[in-house]
Amino acid sequence: MAPNVAWLRNILRQNWGLKLLATFLAILTYYAIRGATRYEVEYSIPVDVEVSPGIAVLAKNPDQVDVRLRGSQDDLLNLDQKLLKARVSVRDETLGGRPQSVTIAPRDIVGARGVSVVMIEPPEVMITFDHEFETTFSVAKPETIGEPLLGNVEVQYSPQTVTIRGPKTRIAELKAGGHDQVIADPVDVDGRVESFSKRVAVHSPGGDWASKIDPEEITVQVNIIKKSVTRSWESLPVRAIRGAEASGPVVIDPPVVDVTLEGRSELLENVSERDIRIFVDCYRVDPAVTNELPVQVHLPVFMDVTMTVVPKVVRVGFP
């Protein structure tokens, strides 16, 4: 019997050791988890209110709340602040211009997945509700930022009106005050050399009160109108280009023409008369008759210009 008693006591001692070890490991795990999630960060986030159909938010105070979030360092660093918001849903709105208190709970914080919400300040907002109303606003001409590298800017945009849904009282105040335009984001044209188009967002006048803007974006066509100048040269001689085997005189009537070039000033400012070569191509003409040939103009390099020659055609004979 004695060996059996000793064996039992040994087993009991081993179990107690296992129990103590398990307890010790549990304590270590608890403090490890606590240490991993002890980080906190605070953000100011917007308040988003979901309402019943036909209802709009006339005012909310405040329109932002401060939240403190707790979690591991990795979880907090992975948060996208732009996605954080307090979204409250109201289905028993009080109308008549009286503010209504709405509580914000941790479950209402959107974009905080994987972390804990430990503070919301203030914990409630005062919201004033109104009937929703729909009307049309015109879109103000979008502004431009900067200067193009060459030329001037002309702006066209479409559509030029949008439909806005929002609180009836707010819309009536804006219309009565003559503020019936919405503005679009400006367009950066700095350093541009070619025309382009871009989609830009539209914003309601006087703050973010509109329930919906349709469409939310407009298309802006930016035309870069290049500055141009006109230069003219009169009585420039016309030369005949012939093959090496050709001989005898050539009579050109009229022997001179006028040339006008139109293009960007930086292209034309250094062009002189000696750079402009005017000729008619006589390689394949019949020397026995008088020919009418088009006048051709050669510039020293390719130039993006508009050219006018007067007259365009001359008579060429071989007496």
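The values are calculated or read from the model by the stated rules, or taken from the named source; none is laboratory data. Source: prediction; values computed, not measured. Backbone-built Cβ (ideal geometry, glycine too); neighbour counts: all protein chains shown.
Brief remarks follow.
- Scanning the range 193-211 for residues that are at pLDDT 90 or above and not aromatic (Phe, Trp, Tyr) returns SER195, SER197, LYS198, ARG199, VAL200, ALA201, VAL202, HIS203.
- Here is the figure for the range 95-115: residues that are farther than 30 Å from VAL162 by Cβ and modelled with pLDDT under 90 total 3.
- Condition check for ARG113: crowded, with 16+ Cβ neighbours inside 10 Å and either part of a strand (DSSP E or B) or basic (Lys, Arg) (or both): no
Matching residues to (1) outside the structural domain of LEU58 (by TED's automatic domain parsing); (2) more than 17 Å from ALA210 (Cα to Cα); (3) within 30 Å of the chain's Cα centre (by Cα):
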{"residue": "ARG87", "(1), (2), (3)": "no, no, yes"}
{"residue": "LEU95", "(1), (2), (3)": "no, yes, no"}
{"residue": "GLN100", "(1), (2), (3)": "no, yes, no"}
{"residue": "ILE104", "(1), (2), (3)": "no, yes, no"}
{"residue": "VAL110", "(1), (2), (3)": "no, yes, yes"}
{"residue": "ARG113", "(1), (2), (3)": "no, yes, yes"}
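- Test result for GLY71, touching a Gly at 6+ places or on another chain (Cβ under 8 Å) and assigned by TED's automatic domain parsing to the domain that holds SER197: no
- Qualifying positions in the range 250-265 - within 19 Å of SER228 (Cβ to Cβ) and touching a residue at least 60 places away in the same chain (Cβ under 8 Å): ARG264
- Taken together, the criteria exclude VAL118 from residues that are part of a strand (DSSP E or B), at pLDDT 90 or above, under 21 Å from ASP208 (Cα atoms) and assigned by TED's automatic domain parsing to the domain that holds PRO62.
- Single match in GLY166, GLY178, GLY206 (criterion: outside the structural domain of ALA59 (by TED's automatic domain parsing), without any contact (Cβ under 8 Å) to a residue 12 or more places away in the chain and more than 21 Å from the chain's Cα centre (by Cα)): GLY178
- Candidates ASP281, ASP286, filtered to the one that is closer than 15 Å to ILE241 by Cα and under 54 Å from the mean Cα position of the chain (by Cα): ASP281
- Applying the condition of being touching a residue at least 24 places away in the same chain (Cβ under 8 Å) and charged (D, E, K, R) to the range 99-142 and asking which residue is farthest from GLN73 (Cα to Cα) yields GLU134.
- Elements of type strands (runs of 3 or more DSSP E) in the range 164-266, at least 3 residues being exposed (fewer than 12 other Cβ atoms within 10 Å of the Cβ): 228-237
- Scanning the range 147-185 for residues that are of a type in the set (Gly, Ala, Ser), over 13 Å from THR219 (Cα atoms) and in contact with a strand residue (DSSP E or B) (Cβ under 6 Å, 6 or more places away or on another chain) yields a count of 2.
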